[in-house]
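The numbers here are math on the coordinates, done by the rules we state, and not lab data. Since this is a predicted model, take the numbers as computed values, not measurements. Counting neighbours? That spans all protein chains shown, and the Cβs are built from the backbone with ideal geometry, glycine included.
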Ligand SMILES: [Fe+3]
């Protein structure tokens, strides 16, 4: 049996009071945490101020079991107060700001199976984007493994999947929806 | 009221662009083409390179985030509660099942919705449509699906609203939905529409789904058995998530 799927539609411009949540970008904090941040840019190179970036990733030990509690709420007020910092949920969600910028604090993921190249899975939503896009963030330590995983894709293109180290524990990853250095978006089959 | 710039296309020009996009669309597409000229904001926001196909039964994306009781308050599924008074408009119940393409239910996953109020205005600073805000309506809610994949919300029927895509552009009434499956590949954001809306044919967002049968899957059905006497009208909308899932997670 294969049912036809429900079609996707754009997230539109007005998700900002519904989807982002307190602590959405604080996937993990502590001495081992890293910051991954960047811009979402359109085909003219202009920032996209109404995009939503979601991250799903393995824990530092490669575990993909995640845990509930990303949107933990206060039982008195009902307000989302965010995770308690003990369990690793693996999920982050941040809207871009007026400059098209987003940032998450997390841990470097471990290999999700022996020998696998670790990465952060990304979903990008935006006004004007009718169907969301998936991409991946690889940290620069894994540049060689990334090229080995995708031998048929040019190094120039693959570089769009590599975060750059700005300084210790801080990485930059811009998402270019279109144009020069357009980010590779992936289609899982 | 703000007058759209004079360069904005007319509805007739958009209608012609919709006909042209229908003509060049691939047969039976399930999802919108990200490059859809009648929705003008798509022009600079779609990739021109083909997507990179990946076949990997152990990809990270074949698992996904999980949510639980701590993520949802019992009041979150009723958008008419939590503020001082009753919101304006027609109270409705929206319910349905979330399943994957094999028809298996997606249990205990997060469903989020947001919408305009009965007058067609969002509680968002950038929504400058001169319709009244409703101090008694939050406009967003969330719930977990049950073991059978079912979700349910109580809300009010949203109004149609104008937007700036072209002159006299109006969105048909809709509720935005955000859904998680058992895998991140099944992540879905979409919109639910109400049956019989006369604005359907004019709307580039809905028409970006070029196949009529696929468009029909975005439209809820009125269900009289779901209506509650002296209280609310019932709509049923079932959702089929796309995307592969790992056989490793099938029994989770
Ligand atoms: Fe909307």
| remark: Rounded to one decimal in nm, the spacing of the 7 Å Cα→Cβ label points at residue B:48 and residue B:83 is 4.5 nm
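Among rounded, prolate and oblate, which fits the stretch A:33-176 when a ≥ b ≥ c are the square roots of the eigenvalues of its C-alpha gyration tensor, a/c under 1.5 means rounded, and a/b larger than b/c means prolate? Show your work: numbers first, answer last.
Values: a/c = 1.95, a/b = 1.18, b/c = 1.65.
Verdict is oblate for the stretch A:33-176.
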| remark: For the protein assembly as shown, percent of DSSP beta bridges that are antiparallel (nearest 5) comes out at 75 percent
| said: Quick check on chain A: helices-only [θ] at 222 nm, where DSSP H runs of length 4 and up contribute -39,500 (n - 2.57) each and the sum goes over total residues. Nearest 500, please. | reply: -1000 deg cm²/dmol
| message | Between the stretch A:120-164 and the stretch B:213-237, how far is it from one alpha carbon centroid to the other, in angstrom? | response | 41 Å
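Among B:122, B:222, which comes first, then next, by fewest other beta-carbon atoms within 10 Å?
B:222, B:122
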| note | At R0 = 51 Å the Cβ-Cβ FRET efficiency linking residue B:222 and residue A:144, nearest 0.05, sits at 0.30
| query | Can you give the extra length, in nm with one decimal, that the chain gains between residue B:102 and residue B:215 once fully stretched, where that is 0.36 nm per residue apart less the Cα-Cα distance? | reply | 38.7 nm
| message | Could you work out the percent of alpha carbon pairs in the stretch A:66-128 separated by over 19 Å, rounded to a whole number? | response | 51 percent
| Cα centroid separation, the stretch A:66-101 to the stretch B:69-101 (Å) | 20 Å
| remark: Using alpha-carbon positions, the gyration tensor of chain B gives root eigenvalues a ≥ b ≥ c; with a/c under 1.5 called rounded, otherwise prolate if a/b exceeds b/c, else oblate, the class is oblate
| message | Antiparallel versus total DSSP beta bridges in the stretch A:33-176: what percent is that, nearest 5? | response | 80 percent
| message | Could you work out [θ]222 nm for chain B from helices alone, using -39500 (n - 2.57) per DSSP H run of at least four and dividing by all its residues? Round to the nearest 500 deg cm²/dmol. | response | -2500 deg cm²/dmol
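Expressed in nm to one decimal, what extension gain is obtained for the pair residue B:22 and residue B:128 from 0.36 nm per residue of sequence separation less their Cα-Cα distance?
On the way: separation 106, 0.36 × 106 = 38.16 nm, distance 3.20 nm.
Residue separation times 0.36 nm, minus the Cα-Cα distance, leaves 35.0 nm.
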